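Values in this text are rule-based calculations from the coordinates and carry no lab data. No experiment lies behind these values; they were computed from the predicted model shown. Every residue, glycine among them, receives a Cβ derived from its backbone with ideal geometry; neighbour counts consider all protein chains shown.
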């Protein structure tokens, strides 16, 4: 099972998703989310019940990426037929 850091790594691997957007979804400061991803004495605990929030962000972002991909496919088809 993924921990908070791994889940946010996967989520933010797309250039259109940032830790700032993740922080906004939690109503937290970006720095707080960054520290929740850390290990060691300066680390913070991940937000309580983080899994459903990350899952929701991932689903929404996947939908947006599919729409973007479809638009790019249509553009490519239109340009190829010119």
Quiz item: In nm, what is the difference between 0.36 nm times the number of residues separating residue 38 and residue 3 and their Cα-Cα distance?
Solution: 11.5 nm
Quiz prompt | Inter-probe distance in nm under a simple model that places probes 7 Å from Cα toward Cβ, at residue 62 and residue 18 | solution = 2.5 nm
Exercise. Give me 65, 79 ranked fewest to most by other Cβ atoms within 10 Å of their Cβ, as a rough exposure proxy.
Key: 79, 65
Quiz item: Can you work out the base-10 log of I(q)/I(0) for the chain at q = 0.16, 0.21, 0.24, 0.25 1/Å, using the Debye formula on its C-alpha atoms alone?
Solution: -0.64, -0.93, -1.15, -1.22
Exercise. Report, in deg cm²/dmol and to the nearest 500, the calculated mean residue ellipticity at 222 nm for the chain, where each DSSP H run with n ≥ 4 adds -39500 (n - 2.57) and the sum is divided by the residue count.
Key: -21000 deg cm²/dmol
Practice problem: Report, to the nearest 10°, how far helix 50-80 tilts away from the longest principal axis of the Cα atoms in the chain, using its own Cα long axis and a range of 0 to 90°. | Solution: 20 degrees
Exercise. Would you order 22, 53 from fewest to most other beta-carbon atoms within 10 Å of each residue's own beta-carbon?
Key: 53, 22
Quiz item: With the radius of gyration and the Kirkwood radius both derived from the Cα set of segment 12-58, what is their ratio Rg to Rh?
Solution: 0.96
